[in-house]
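Everything on this sheet refers to the single structure shown next.
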Amino acid sequence: EGEGWGRMLEPEELLERLQAFLTPKDLKGLKLLVSAGPTREYLDPVRYLSNPSSGRMGYAVAEAARDRGAEVVLVSGPTALPAPWGVEVVRVESALEMREAILGRYSWAQAVVMAAAVADYRPAEVSREKEPKVAAEKVLRLLPNPDILKELGENKGPRVLVGFAMETGEGLARAKEKLLRKNLDLIVLNWVNREGVGFGSLENEVVLLLRDGRVLELPRMKKRQVADRILDLVKEFWKG
Ligand code: PMT
């Protein structure tokens, strides 16, 4: 009893492993770097600026790629999701930490998918002690965070680069602008203000904008299915 046997797999994980085993390994040999989740920009030890990213979209990409035989490193902001098996997970909190972790793996990577919701700003002053509450109005000074994906685009080399764009309403033109400015192969446009998709949800509804001008509008589907569609294009760019 309790000896001689490894940990029993939960039925859910057993199914996951079976599904992985049965998936054709069409991304074998691909070294893929994925980012996921939000960043936290601390004001003091107990307060931070952040956003509602759950990490689900990026984790789905990491897991789908693993199942298809890729070697995957997942740089993850704080999330409630368990670390996926078979993936190297690097945990970070702030945008600056995420940048370090990603740049540190960039020479290794053949493709990068940036699904993380990186905070655009961080507090200019970070206090070591918890800030006391004062009655007076308080003004917060913010500094711009580096744009990680833009930096990757500036040193792209032969890599495949995939970004996300989170927009409200008329996002197509802005997403296209980001695709070109950040020197990407593909940008995945999703909406922040639609019920049941985007932040936190299990599903997403996206438009894929490709460097060559193709625009693919996908119906609402599980994030895992969106992940596989993205990876189909990564494969196309990687081999082409
Ligand atoms: O995590 P989930 O709950 O599953 O939600 C998924 C998601 C909505 C967070 C995800 O699908 C998504 O859209 N992620 C990107 C959100 C985002 O930051 O979009 P953006 O338009 O602000 O940034 C454009 C691209 O530049 C993104 O790939 C982003 O990772 C990258 N970026 C942004 C700012 C910055 N300082 N550095 C970056 O690299």
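Structure notes:
- Here the convex hull built on the C-alpha positions of the range 142-199 has a volume of 102 cubic angstrom per residue.
- For the chain, the gyration tensor built on C-alpha atoms gives an oblate shape. Its axis ratio a/c (a ≥ b ≥ c) is at least 1.5, and a/b is not larger than b/c.
- Between the range 134-171 and the range 1-68, the alpha-carbon center distance in angstrom: 23 Å
- List LYS133, LYS31, ordered by accessible area with a 1.4 Å probe, largest first: LYS133, LYS31
- Restricting the range 1-103 to chymotrypsin sites (Phe, Trp or Tyr not before Pro) that sit in a DSSP loop and have at most 13 other Cβ atoms within 10 Å of their own Cβ leaves TRP5, TRP85.
- The range 80-168 - percent relative contact order, Cα under 8 Å, separation 6 or more: 37 percent
- Each Lys or Arg adds one and each Asp or Glu subtracts one; over the other residues with Cβ under 12 Å from the Cβ of GLY86, this totals -3.
- Computed over protein heavy atoms with a 1.4 Å probe, the accessible surface of the range 138-240 works out to 52 Å² per residue.
- Entries of LYS138/LYS176; LYS130/LYS178; LYS138/LYS182; LYS31/LYS223; LYS25/LYS178; LYS130/LYS150 with Cα pairs more than 29 Å apart: LYS138/LYS176; LYS130/LYS178; LYS138/LYS182; LYS25/LYS178; LYS130/LYS150
- Taking a ≥ b ≥ c as the square roots of the eigenvalues of the Cα gyration tensor, an a/c ratio of 1.5 or more together with a/b larger than b/c marks the range 174-226 as prolate.
- Rounded to the nearest 500, the 222 nm mean residue ellipticity of the chain from helices alone is -9000 deg cm²/dmol, with -39,500 (n - 2.57) taken per DSSP H run of at least 4 residues.
- Counting only protein chain heavy atoms and rolling a 1.4 Å probe, the accessible areas of VAL134, VAL207, VAL90 rank, largest first, as VAL134, VAL90, VAL207.
- Over the chain, Cα pairs under 8 Å with separation of 6+ residues give a relative contact order of 18 percent.
- For the chain, the fraction of 1.4 Å probe accessible surface lying on carbon and sulfur atoms is 53 percent.
- Fully extended contour minus Cα-Cα distance, from TYR121 to LEU140, at 0.36 nm per residue: 5.7 nm
- In this simple spin-label model, placing a label point 7 Å from the Cα along the Cα-to-Cβ direction at both GLU100 and LYS156 gives a separation of 2.9 nm.
- Ordered by solvent-accessible area of protein heavy atoms (1.4 Å probe), largest first, the residues LYS25, LYS150 come out as LYS25, LYS150.
- Free of any GluC sites (Glu not before Pro) that DSSP assigns to a loop and that have at most 13 other C-beta atoms within 10 Å, the longest stretch within the chain is 4-124.
The values are calculated or read from the model by the stated rules, or taken from the named source; none is laboratory data. Everything quoted here is computed from the prediction, not taken from an experiment. For neighbour counting, all protein chains shown are included, and Cβ atoms are generated from backbone atoms with ideal geometry for every residue, glycine included. Remember, those area values only see protein heavy atoms, side chains included, never the ligands or the DNA or RNA. Shrake-Rupley method; radii C 1.70, N 1.55, O 1.52, S 1.80 Å.
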